[in-house]
Every structure is written in C-alpha cells, then in structure tokens.
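Read-outs throughout are calculated quantities, based only on the coordinates presented, and are distinct from any laboratory measurement. Here the structure is a predicted model, which means the values were calculated and not measured. Ideal geometry is used to build each Cβ from the backbone, glycine not excepted, and the neighbour counts take in all protein chains shown.
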C-alpha cells in the first residue's frame, strides 16, 4: 500500500486540495478542547488535540434527520443524496466506531439507507495517537492508538511531517490526488512510525474487561447496579458523546395536517426511553437503565455482533456530570464475575 | 486529610451508628483529577469514602427527592428513610426550596452545613490547558498544580478557575442545617452580584440574539442541565410531553430555544444559582446567564432572594399588596 510523507507546513494546502470536491470535516479548536466540524478554511484545523469533545458519529448518523414529510394522506420521500465527505484527523477509536456502526445499520441484511448514503460517501483519514487522553483505554477493548480499523488511511504525526499510509483503495485514490504535495516515505520514516506506535501503546493503562458473557448475564440482579444507578443523573450525555451508541427514536411532528417524520438520537438513560403507550415502563429505576447501557455494550453487542460496542475513547468518563467511570464499573463487574 | 473532612466523617459515623440517619449523601473522589462523584454511605464502616475539598461541585439536593419516593412495585408498608446530607450554601438553599415545594420532608433530613470558599470549575481548568486533556492535578492551598496529557505542568490560581456562580456567591454557609462543620468561610465574593447580567443587558437586542444563537446552537439536547438541577424534579418534563407537544425533538434552534427558555421560566423565583447546570453541560453553555437575569428581575421587583429560609414565603408563590404590578394591563 501507498506510504508517503507530508511536510506539516503543507497540511493546509493538502486539505484545501482534497476539500475542493468534497465536504471536509476535521478537528477545530473549541471552548471544550476540540470539536469535529465541517471546515471551509483549513487554517482552522487543529491536529494537536486528542479526542474531540463530541464524537464524529454526527457526520454519518446525525442527531436528527427528516425521514419523510407528509401532507394529509400524501407522503413525500426525502431525497437520499449525500456528498463525498472526507473525515481528516479522526482518532483511530472514532474510525473503529464507524466500523461498529456499519454492523448495526446493515444488521442481518437489512440496510439502513439513511445511514448508508452518508457512510458510503465517507473517506476516513485517521490520525494515530502519540499520547493517550485523560480517560483513554482503547487497547483494552480491542482497539489501538495506532489502529487501522474503519479508516481508509492512517496518519502519524512525526513532528515535522505527517506520515500517511493508505489502507483501502479509496484511501489510496485520495492520497494520490495530493501526490504533488507529498513524498515517498523512506525507510527512516517507516522506522520512526514503528517506534511511535510502540511508544503510544506502551503509555495506555490496561483496564480489565469482563469477557465472560455468562458471568455478565448473572450480574443482572447484582447490587452493583443499585449502587451505580443512585449516582446516575439520568441525562443522555454518555450516549450522545459516545461514538458507538446508536439508539434512536422516531417522532411525527404535525401541524394542521402537514408534518414530517423525524429520527433523532435517544438514550437508554432517559426514563422515557422504554415507556410504553400503556403507561407501563419495564425499566422503572435508574439502576435498570444504567445496567442496560453497560450490558448493551458489553453483553448484548458481543452476542449480536461478536464485539463489545466500546472503543475506549473515554468521552463518557470525562463528560459524566456525576463522575461515573466506565473503567471502574468494568473492573467491578470483572471481579464480580470471578466470584460468581 | 483536611480538618473538615475528618470531622465530617466522624459526625456521619456517629449519625449512622446511633440510627439518626439511614443513609448519608456526600461526595467521594472520582477517578479523574478534579472530579468528585456523589456518594451514598449506609454504614459507619464506609465513611472514609467521604471527601471534602474544592471540587465538591455537585448540588447534592438533586439526589434527595428520589430517596423519599416509594420504590415502584413495592407492596405493603414502607417508611421513608432518614437521610443525612452535606450542604454548601447553595445545596442548603436548594434543600429549603425542595422542602417548601414538598418534595422532601424536613423531619427526615439531617443537614450538615459546611462553609464554602467556592468550587473549582473543571471546564475552566480545561480551557486553561487548551486542547490537551488533564492528566493530573493537585490542589495546594489557593492554587492547583495541573499536568496536561502533553506532560506540561502549570500552576493555576484557584481564583482564576472558580465556578462563575461561586465568584458571585453571597451565601457561603448553609442557610438551614442541623449541624455545621468547619469554620465560616473567610473570603467575600469578588465579583459584584449580577455583573454578568448587567453586562448582557447593556447589549443591543441584535447582539443579545446573536449571543444566544451562538450558545444554544451548541446544545445537544442531552438534558444534563435539567437532570443536574435540583429544581427539575418533574415526573414529566414539558420538553417531553406529547399532548400537547410544546417542542420537537431536534436541535433546530426553535426547538432548543423553546426548551431552554421554557426551563428558565420554570426556574423563575426558584433558582439559587448553584451552577450545577453549567458544570454538567458537556458543551460548556453558560445557561446561568438566563437564570440570573430572572433572579435579578425577581430581586428588583420583589426585594427577595430565593430560598433563604423555611419561614419566609417565596416571592413568586406569595402575594403582597405592595408587590409591583406594573406588568398588569387594563382589560
């Protein structure tokens, strides 16, 4: 596969060139650190931050979208067009999350056209992490700070230059578009990359992840959930900043016979999440709702998709207003599993 | 361990031992630096979990109403628990408000008041660090030594990263308590009350509109502000009502504005400016400005501040002949 380097002084030019025929999303500075945002001016792109405060799932799975509009008994389809899109500087955990979302939105052969129209037009250039963020644990959940899953190309920050490696045909085609700005990677560059990768992986603190699914199932009635549930405020922050949470609600918004059907993010932490039309709610307590969040990620998803739906980005940890830490929860669950 | 923390633990152990309380709500260390987590202590053996420091930001009053709710599905007799709680000035005012609004029973509450010099705002520390994360931090007197994830160290004056509401706080001691621990706070507020509102009021309507468009376009509708707020205990929030449906589910500005303005109006005459909504917001939106504007109006119109005592009636839930009536129009 194609391996090249780009002098960092040319990054803006590189992005301007690639952004000519597509929408460009990249991290930019924000009051909360950095945010993944559509950029018209590449000089705003900031590659020095670690994880953006919000994940990039918004690009392929927007917080809300109109599925169709209606007028009395007439439904009007929304045109499913999407523009070519480049996600530049996504961290490997976020790129991997896209691969997990792909599995949900194509599950059992049922394709979600609203998701796929954007996803199919999306090219991801991931930027490997040299140092972990404050709550990172990607390597404990099957990822890596230099991981390639979900990305079309992977970049390394080597100080004066970016090293770029194409991972897919789409990534290779993209990098070739800017070949006037790049140089072929030397053996020295490749060695530097290997060293950076080893350094990055070394810095991460391992978190024990409970992998015994039968034991996790047993934890359903464990006291730990009551303990955690009483702290949980029941907001949707963890789910909304999570790159793999994908639950949504569908609502009709009508005004005098004219309306639209809207799909919007939802969170299992909300008390209304499972409220039935009858008034019955099978998850009556915050403990049950918090349990759902953790078990969905670490028990039901492994059962359904063969992998836990957590990429270890740590956003739920840094943003939880109640100071809940998923890593500590997993550790407690693991020790519970050993006892039972 | 500081003196307040030590005394607090001793007192809580006694209260649990002699059966004065069944559960104590306090703060415990969270895994990330400069973060604490609410903690529910049910046995004297657990009191060492309790901490008291400059990062006990949460308003613990938020956690009280749920403790007095009969568990769903429980059959037979149920006695509500006796609950202890540690309260800063703002927590105690929220507790007063909740008692008056009949969400928690005074006679089953044991409040330990602690004087507060103001809490560190983690978002401000983050902004001081820039785009990198916070790897470690140590509070040392009036400053905090922080280490970024890039390895760089920095000493920050706590005064520079105090929560905005703490800077203006006029009630640094609990207004209602069964017991107080520690000494009265020494420092007086350094910023004049409603300074932020006065500055905002001086702007043109266009500027004010642009300010809120900028702020509220950041909202992701996670409801962290609402959930962290002790006043937002409604079983069903207007934001989620379906009949009538007051607002849609999107992050369109019209939906977001209706939510935040609606919530602000529901806080009128009730908000104690604890800053929990600001601390909880993952997007760093300064919602406080909205609530403070209404607080200022209430104070100017009715010469009253919110929830200072159990005895005094709240401005917006009582009527006096001399109340300002200039807003009334002739039919």
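For A:241, B:197, the sequence from fewest to most other C-beta atoms within 10 Å is B:197, A:241. Rg over Rh for the protein assembly as shown works out to 0.97, both radii taken from alpha-carbon positions and Rh defined as the Kirkwood radius. Counting pairwise Cα distances across chain B, what percent come out greater than 39 angstrom? Distances greater than 39 Å cover 15 percent of the Cα pairs.
Using just its DSSP H runs of length 4 or more, each adding -39500 (n - 2.57), the protein assembly as shown gives a mean residue ellipticity at 222 nm of -8500 deg cm²/dmol after division by all residues. Treating each Cα of the stretch A:1-121 as an identical point scatterer and summing with the Debye formula, the log10 of I(q)/I(0) at q = 0.10, 0.11, 0.15, 0.20 Å⁻¹ comes to -0.39, -0.47, -0.81, -1.21.
At 25 °C and 0.890 mPa s, grab the translational diffusion coefficient of the stretch A:203-244 from Stokes-Einstein with a Kirkwood Rh over Cα pairs, rounded to a whole number in µm² per second. It comes out at roughly 187 µm²/s. Normalised Debye scattering of the stretch A:213-339 at q = 0.09, 0.10 Å⁻¹ gives log10 I(q)/I(0) of -0.29, -0.35, counting only Cα atoms as equal scatterers and leaving out solvent.
Peptide A:316-329 has a mean of 6 when you count, residue by residue, the C-beta atoms of other protein chains within 10 Å of its C-beta.
For chain A, the spread of Cα coordinates along the three principal axes comes to 64, 60, 39 Å, biggest extent given first. Seen from every direction in turn and averaged, the convex hull around the alpha carbons of the stretch B:192-331 projects onto 10.8 nm².
The shape of the stretch A:280-340 comes out rounded: with a ≥ b ≥ c from the C-alpha gyration tensor, a/c is under 1.5. Peptide B:26-35 is shielded by partner chain Cβ atoms: per residue, an average of 4 of them sit within 10 Å of its Cβ. Expressed as a rounded percentage, what relative contact order does chain B have, with Cα pairs under 8 Å and six or more residues apart? Once normalised by length, the contact order is 16 percent. Between the Cα long axis of helix A:326-339 and the first principal axis of chain A there is an angle of about 60°, rounded to the nearest 10. Output the relative contact order of the stretch B:122-161, whole-number percent, from Cα pairs under 8 angstrom with separation of 6+ residues. Computed value for the stretch B:122-161: 33 percent relative contact order. Across the stretch A:213-339, the mean sequence separation of Cα contacts (distance under 8 Å, 6 or more residues apart), normalised by length, yields a relative contact order of 31 percent.
When A:285, B:180, A:318 are arranged by Cβ crowding within 10 Å, least crowded first, meaning fewest neighbours, the order is B:180, A:285, A:318.
When each of the peptides A:18-28, B:252-262 is scored by how many other beta carbons lie within 10 Å of its residues on average, the order from highest to lowest is A:18-28, B:252-262. Just to be sure I understand the curve: with the Debye formula and one point per C-alpha of the stretch B:122-161, what is log10 I(q)/I(0) at q = 0.34 Å⁻¹? At q = 0.34 Å⁻¹ the computed log10 ratios are -1.29. Across peptide A:225-233, the average count of Cβ atoms from other chains found within 10 Å of a residue's Cβ is 4. Remark: A:280, B:266 ranked as A:280, B:266, counting other beta-carbon atoms within 10 Å and listing the fewest first.
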